[in-house]
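Below: the structure, in structure tokens.
Please treat every number below as a calculation from the coordinates, not as lab data. Remember, predicted model here, so these are calculated numbers, not experimental data. Every residue, glycine among them, receives a Cβ derived from its backbone with ideal geometry; neighbour counts consider all protein chains shown.
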Amino acid sequence: MKTVRKGRGYLFKNFLHSFKQNFVQGSTIWMIMLIFGSLFGITIMSLWGSAASGGMAQFGLWTAIIILFFLVLLFIYIFPVLSRFEFKLGTMFAFSYLIAVRYFAHSILLAIILAATVLGCVLSVPLFVLILPAAYVYIASTIIEKIFAVYMPKFEAPQDASPEHTEGELWVSEEGKEEAETEEKPYKDQWYYE
């Protein structure tokens, strides 16, 4: 989305770079999410018929639905966190969960939009299968960018910079560049802010 919005870099080149950089962690995250999602999905399907009688089956069903809901919220944030920050796997899951809970209203909105996108893809004409996911990604990235802005560094434009260079761009002072080069930061793409 950075390449599309800012018009910087080459789309395919940036994709390949990010794919290589995040492949191992991304595959691990997919496997973990697939295992837990399948586990709770199967639990919900198996308890669905027996939950009408009430008791422990109904309690188990609602517990599995709530856990699956929070897995969906985690799923919404985990891959944007992977693309933006350099965390270990456990920290990445914890950070994604904390963002999902801290910005719960945004998370609910993103979950509703995701559900509408999936439903639209399943029930609509084949052309929407290409359009709806792209629209969801664009809308979700706009919302998530505002959330991530809180956790990203703030850079200031130099006082002698002309207005056309400062509009829509963030600058780093020479001291800030030296500090940024020597310090290890938990974010990947500082070039986005330069």
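At a Förster distance of 30 Å, what's the computed FRET efficiency of I67 paired with F12, Cβ-Cβ distance as r, to 0.05?
Details: r = 38 Å, r/R0 = 1.27.
The formula returns an efficiency of 0.20 here.
Under a point spin-label approximation (7 Å from Cα along Cα-to-Cβ), what is the V129-T28 distance to one decimal in nm?
Rounded to a tenth, the inter-label distance reads 3.3 nm.
Can you tell me the FRET efficiency between T91 and Y138 if r is taken as the Cβ-Cβ distance and R0 is 41 Å, rounded to the nearest 0.05?
On the way: r = 28 Å, r/R0 = 0.68.
About 0.90, to the nearest 0.05.
Which of the peptides 45-58, 140-153 is most tightly packed, and how do the rest follow, judged by the mean count of other Cβ atoms within 10 Å per residue?
Values: 45-58: 12.6, 140-153: 15.0.
My ranking of the peptides, most packed first, is 140-153, 45-58.
Within 10 Å, count the other beta carbons around each residue, average over each peptide in 118-126, 63-71, and list them highest first.
Result, highest mean first: 63-71, 118-126.
Given H placed on each backbone N at 1.01 Å, which residues far from F85 in sequence or on other chains put an amide H within less than 5 Å of it?
Long-range HN contacts for F85: K188.
What whole number of Å gives the distance from the Cα centroid of the stretch 14-72 to the Cα centroid of the stretch 88-121?
Answer, in whole Å: 13.
Hey, rough spin-label estimate for W48 and K146, points 7 angstrom out along Cα→Cβ, what's it come to in nanometres?
Result for the modelled spin labels: 3.5 nm.
From the backbone phi of the stretch 79-95, what are the Karplus-calculated ³J(HN,Hα) couplings (6.51 cos²θ - 1.76 cosθ + 1.60, θ = phi - 60°) in whole Hz, Gly and Pro given as x?
Rounded to whole hertz, the list is 6, x, 5, 4, 6, 9, 10, 10, 10, 6, 4, x, 5, 5, 5, 5, 5.
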